[in-house]
Amino acid sequence: MAYTASDLRKGLKIEIDGIPYEVTEFQFVKPGKGQAMYKCRIKNMLAGNTMEKTFRAVDKIDTPNIESRTLSFSYQEGEKYVFMDNKTYDQVELHENVLGDQKYFLIEDLECEVLFHNGRAVSVTLPAFVVKEITETEPGARGDTATNVLKPAKIDSGYEIGVPIFINQGDWIRIDTRTGKYVERVKQP
Amino acid sequence: MSSASSSLDPAATARTAGLRARLMGSMRRFFDARGFLEVSTPVWLPANAPEDNIDAVPAAGGWLRTSPELAMKRLLAAGLPAIYQAGPCFRAGERGRIHRPEFTLLEWYRAPATSADILDDAKALLADLALALRGTLDFEWLGAPATLDPARWERISVSDAFLQHAGWDPALTFDPDHFDLDLVNLVEPALPHDHPVVLHSYPAPLAALARRLPDDPLRADRWELYLGGVELANAYGELTDPAEQRLRFRASNAARAARGAEEYPLDEAFLADVGHIPTAGGIALGLDRLLMILADAPDLDAVLPFPPP
């Protein structure tokens with residue numbers, strides 16, 4: 001199956017030379033007496049980098065074999081992260097390279113959206129926010145409620161994160177998994 | 001692109017409607033003062049000029065005009081020496097930041113003249129319109145400097161622009177796909193944005209309805225105007241040879257068939273008149289795009305508040 005250029009829109013997933021890309025920007029252009037074209041910015045779904053690509057209206061564009069599955073994180077074994085499909089109870093092993101920094105924010109039973117290309121996992125999307133315990137930081141200054149001055153801290157996975165002065169070891173915090181940044185202090189879940 | 005909404009924004013509508021009325025009024029005063037006659041030619045046509053990449057909107061057994069060009073050239077053949085017209089034109093499937101399926105074209109023609117005379121007209125007209133809408137020749141569009149000062153116009157041949165930015169001369173070895181892609185990816189982005197740029201002497205295969213240059217048959221007497229990276233106008237020294245005109249229409253229909261597009265009937269009344277067109281120059285200028293720039297608007301939707309379905 002193939003798309004034609006008129007199917008192009010923001011968010012469409014396409015395939016070029018066997019690599020899946022997502023269209024992040026597109027613009028209709030038609031110079032002078034020339035043909036209609038679509039100037040796109042596309043994101044390599046494997047490597048993460050973006051590039052410009054211009055499609056002619058007559059171009060056929062491959063559709064990638066992409067499947068999204070909801071998987072729950074079970075446990076880690078060295079570089080392998082083991083997930084379970086809640087529907088089929090299949091176990092799926094992901095290499096830490098696929099997870100990138102997301103690996104630091106995993107929690108047992110956390111539901112993640114995993115994208116597969118030709119059956120191979122290519123990206124993992126965690127819920128936007130996770131709650132983690134601070135395992136290491138300098139003692140906080142009591143009463144210092146400023147949130148704009150940050151100090152280094154660590155969570156159970158060893159990830160280093162900037163937190164406000166008043167946060168102590170053993171406190172629980174909410175983290176934005178998209179930015180990897182502290183959001184707020186929360187009660188122990 | 002702004003999204004369709006159920007009611008118009010009163011303040012924005014009053015502003016752009018006012019600017020459009022001032023643009024049209026100043027434009028008419030410009031041409032009237034120079035002895036051009038305003039004409040009105042049909043919007044519904046039994047035949048458009050076949051062009052490789054312009055699709056017409058079918059209507060009632062014919063088509064809406066993609067341009068008033070053929071009718072206006074027949075008026076030249078009938079002896080009118082200087083004419084202009086501003087009105088709606090229609091091109092199927094064209095929708096983007098600076099494309100609308102319905103848009104306003106200003107065309108003017110005069111004889112005896114070449115595309116160089118039309119260039120003089122365009123410089124004077126756009127300076128007048130900048131003064132009418134902006135009060136100055138030097139202004140900003142979306143925060144970037146722009147000018148319509150006649151002394152700041154720059155001419156560069158298509159061959160020089162391609163040699164400089166794409167590394168080949170399309171007049172010597174023409175390839176339509178390669179040309180279109182390099183034009184939008186390499187040449188247009190490299191053109192200066194702050195002053196008017198005229199790309200001239202197009203490769204002969206892109207002559208459309210222009211004559212070949214008398215001293216250079218590889219190139220056509222055609223130029224295009226850019227400002228701020230936006231293509232504003234397309235001008236010709238007009239083709240007046242009926243045999244060559246018929247061959248070009250047929251070649252365009254062949255190119256249309258090759259890409260799976262409908263072939264168009266030939267306007268035989270126009271072809272019968274081509275030989276009577278005097279040595280003439282003419283131009284089509286996108287008035288909505290010009291208004292967009294002079295109104296400091298980001299896209300056509302901001303100056304055309306009725307989005308097509």
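Laboratory data are not the source of any read-out in this text; all were calculated from the coordinates shown. This structure is a prediction, so every number in the text was calculated from the model and none was measured. As a convention, Cβ positions derive from the backbone with ideal geometry for all residues, glycine included, and neighbour counts pool all protein chains shown.
Amide H contacts of B:L209 (H built 1.01 Å from N, in plane; Pro and chain starts excluded): no residue 5 or more places away or on another chain comes under 5 Å.
Beyond 14 Å, how much of the Cα-Cα pair distribution for segment A:116-185 remains, as a whole percent? Tail fraction, whole percent: 60.
Here A:K13 is the anchor, and the aspartates and glutamates within straight C-alpha reach of less than 17 Å, apart from those fewer than 8 places off in the same chain, are A:E22, A:E25, A:E52, A:D59, A:D62, A:E67, A:E113.
Between A:K60 and A:L46, the modelled labels are 2.2 nm apart [label points 7 Å from Cα along Cα→Cβ].
Counting only Cα atoms, the protein assembly as shown measures 92, 50, 46 Å along its principal axes, largest extent leading.
Rg to Rh for segment A:66-125: what is it, with Cα atoms only and Rh by Kirkwood? With Rg and the Kirkwood Rh in hand, the quotient comes to 0.91. Assuming R0 = 30 Å, can you tell me the calculated FRET efficiency for the pair A:T70 and B:S7, based on Cβ-Cβ distance, to the nearest 0.05? According to the calculation, E is roughly 0.10. What the Cα convex hull of segment A:2-62 gives, in volume per residue, is 69 Å³. In the calculated pair-distance distribution of chain B, the portion above 35 angstrom amounts to 17 percent of the Cα-Cα pairs.
A Förster radius of 41 Å, combined with the Cβ-Cβ distance separating B:D120 from A:Q27, puts the computed FRET efficiency at roughly 0.75.
Taking other Cβ atoms within 10 Å as a rough exposure proxy, A:I66, A:I165 sort from fewest to most as A:I66, A:I165. Close amide H pairs (under 5 Å, H built 1.01 Å from N) link B:I54 with no residue at least 5 positions away or on another chain. Checking the Cα-Cα distances for A:K151/A:K181; A:K132/A:K181; A:K43/A:K154 against a 22 Å cut-off, the pairs over it are A:K43/A:K154. For a modelled paramagnetic label at A:E111, 7 Å from Cα along Cα-to-Cβ, the residues of segment A:75-91 in reach, with backbone nitrogen under 17 Å, are A:83-90. For B:E263, what is the net charge nearby, where nearby means another residue's Cβ is under 13 Å from its Cβ and Lys, Arg count +1, Asp, Glu -1? That sum, taken over residues with Cβ under 13 Å, equals -1.
Rg/Rh for chain A stands at 1.11; both radii use Cα atoms, and Rh follows the Kirkwood definition.
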